[in-house]
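Encoded as structure tokens, the structure appears first; notes follow it.
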């Protein structure tokens, strides 16, 4: 499935519904916690906030999305998402260099970005390796073949098996906090 179709036809509708639900839940949850902690609300004067970054920097977090839309092969050349992300980081580094002409600050900022990515990816990689070991164990004991034979024996009642697998995925997500990534290793 192309990235644009996946992002806008599959993920976007689900994300919008999830964001609305989280916003509503967050509103009430924060009110509850504020009352519990007896926190009073104060108005913040916008003039008290000082920023040194140019307003152009507000666009930088959206450049990967813009890049995916531009470089999808329809309007411009087709680029892979990794190429787009590296290009966006390079653009941010060039803009920061042009702003201060200080390579030390630019590279220290890039180092912080790389360390943040490494910290985020380390957990995902460990999770996928563990999921691969888990999936291999399930295959070795014959769980996958048994699951397939059960699904074929159900015939038209395979909707029950689908619901069971959805519940298993939900329980795995609740206990591991990782969503359905461990199940991708079963492929």
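Read-outs: derived from the displayed coordinates by stated rules, not from any lab. Note that the structure is a prediction, hence the values are computed from the model and not measured. Neighbour counts run over all protein chains shown; Cβ positions are idealised from the backbone, glycine included.
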So what are the three principal axis dimensions of the chain from its Cα atoms, in whole Å, longest to shortest? 67, 53, 32
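Please rank 119, 48, fewest neighbouring Cβ atoms within 10 Å first, as an exposure proxy. The partial results should precede the final answer.
Working: 119 9, 48 6.
With the sparsest Cβ surroundings first, the list reads 48, 119.
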Distances longer than 15 Å among the Cα atoms of region 21-118: what percent of all pairs is that? 76 percent
Please state the relative contact order of the chain as a whole percent: Cα pairs under 8 Å, 6+ residues apart? 14 percent
Full extension from residue 91 to residue 6: what is 0.36 nm times the residue separation minus their Cα-Cα distance, to one decimal in nm? 28.0 nm
Based on other C-beta atoms within 10 Å, arrange 36, 9 from fewest to most. 36, 9
Give me the Kirkwood hydrodynamic radius of region 1-41 in Å, from all C-alpha pairs, to one decimal place? 12.3 Å
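When you have a sec, figure out the Kirkwood radius of region 53-101 from all distinct Cα pair distances and drop it here in Å to one decimal?
Values: mean 1/r = 0.0873 Å⁻¹.
Taking every pair of different Cα atoms in region 53-101, averaging 1/r and inverting gives 11.5 Å.
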Starting from 0.36 nm per residue, how many nanometres of slack lie between residue 22 and residue 103 once their C-alpha separation is accounted for? 25.1 nm
